1. How would you rank Met151, Met203, going from fewest to most other Cβ atoms within 10 Å of each one's own Cβ?
2. Please check: in the Gaussian network model of the chain (C-alpha springs, under 10 Å), which one of Asp108, Asp118, Asp276 has the largest mean-square fluctuation.
3. Please give the length that would be gained between Leu308 and Leu8 if that part of the chain were fully extended, namely 0.36 nm times their separation in residues minus their C-alpha to C-alpha distance (nm, one decimal).
4. R0 = 35 Å: FRET efficiency of Asn296 with Lys135, Cβ-based, nearest 0.05?
5. Based on the Cβ-Cβ distance of Asn189 and Asp116, what FRET efficiency does E = 1/(1 + (r/R0)^6) give at R0 = 51 Å, to the nearest 0.05?
6. Once R0 is set to 41 Å, what does the formula 1/(1 + (r/R0)^6) return for the Cβ-Cβ distance between Tyr289 and Glu64, expressed as a FRET efficiency to the nearest 0.05?
7. At 7 Å along the Cα-to-beta-carbon direction for both Ala249 and Ser54, put a label point, then send me their distance in nm to one decimal.
8. If you take the square roots of the eigenvalues of the alpha-carbon gyration tensor of the range 62-105 and sort them as a ≥ b ≥ c, do you get rounded (a/c under 1.5), prolate (a/b over b/c) or oblate?
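Laboratory data are not the source of any read-out in this text; all were calculated from the coordinates shown. Here the structure is a predicted model, which means the values were calculated and not measured. Cβ placement follows ideal geometry from the backbone for every residue including glycine, while neighbour counts extend to all protein chains displayed.
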Amino acid sequence: MSSSTPELRFDNRVVIVSGAGGGLGKAYSLFFASRGAKVVVNDLGSGLKGEGSSASAADLVVDEIKKAGGEAIADYNNVLEGEKIVEKAMKAYGRIDIIINNAGILRDKSFKSMTDKDWDDVMNVHLHGAYKITKAAWPIMRKQKYGRVIMTSSAAGIYGNFGQANYAAAKQALIGFSNSLAYEGFKYNILSNAIAPLAASRMTATVMPKEILEALKPEFIAPLVAFLTHEKCKQTGGLFEIGAGKITAHRWQGTEGVVFKADESFTPAAVKARFDEIDNFDNNGRVYYPASMKDNDWLGKLEEAKGL
Ligand code: NAD
């Protein structure tokens, strides 16, 4: 850090961090508190698969924050009762500036063996939990014309992953959720971004080699989350992968594509005949990067088809 770049601070900002009893959420909470924020440390203290509960996870993080001279309260509500978390934050601090939707569980199984409960529980904690907290805080943020939201996605959500159909579905959904909030919140200075982190935690302890885990400290995700939620940051609707100190921004890419005449010649066989062109991402760089639904330019395509 050069001395000419002042550190970003969060004095008097109120932050809700869900699932903050350990791993990434704990790292964010400690970081925000060390920069002057008032932190609502939410965690129901469940096991990795969502089993059980314990107040001590959140309490320990709050104790650590207070010992370091910071300000925080513990909250033990399930994220599915997000309105209670928001209510608690409002009672304690009177506003909510930042929401870090971070709570999560895993129920990894092949799709063949996945039960309805494995599906529902994972969708509920990640997606419905983020919905419930954000929904309850939305009118507050709109009214105060200020808000910063982070949705925690995952590489599994962006790309899909073997044994994670439930988790990947929830994590991809959070990207669409974040992007839509980016549109609706902009006018009210509410910005929303999604991150796909990679960090050593109990969630990754069994799926990665020890030497890699040692290089992936959860603390190394906090700088991006803090930047994206700072009052000076204007970024919204973004998706960022981050791990081991490297941050990349992600967007969609479309091929140049093929326009078919919409008449009886437009058959499955016609699609088959030109499928390699449809799917050609190497077309001398003739790809495009749609950033919104408008970039699809359906009317332009219709005009092209008429000219065939
Ligand atoms: P973690 O298991 O250490 O943290 C998750 C926390 O969420 C736990 O403390 C747990 O008690 C809490 N939680 C679970 N269900 C809850 C509920 N219903 N209400 C409130 N709290 C609840 O795991 P982590 O690695 O720190 O993961 C944090 C987030 O990052 C998760 O959303 C995870 O999917 C995501 N993520 C992590 C990685 C990684 O490499 N660690 C990669 C991609 C995404």
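1. Details: Met151 28, Met203 17.
Ascending number of Cβ neighbours within 10 Å: Met203, Met151.
2. Looking only at Asp108, Asp118, Asp276, the biggest GNM fluctuation is shown by Asp276.
3. Working: separation 300, 0.36 × 300 = 108.00 nm, distance 5.59 nm.
Fully extending the segment from Leu308 to Leu8 adds 102.4 nm.
4. Details: r = 29 Å, r/R0 = 0.82.
Taking R0 as 35 Å, the efficiency between Asn296 and Lys135 is 0.75.
5. On the way: r = 40 Å, r/R0 = 0.79.
The computed FRET efficiency comes out at 0.80.
6. Numbers: r = 43 Å, r/R0 = 1.05.
Computed FRET efficiency for Tyr289 and Glu64 comes out at 0.45.
7. Calculated label separation equals 4.2 nm.
8. On the way: a/c = 1.95, a/b = 1.34, b/c = 1.46.
Since a/c reaches 1.5 but b/c is at least a/b, the shape of the range 62-105 is classed as oblate.
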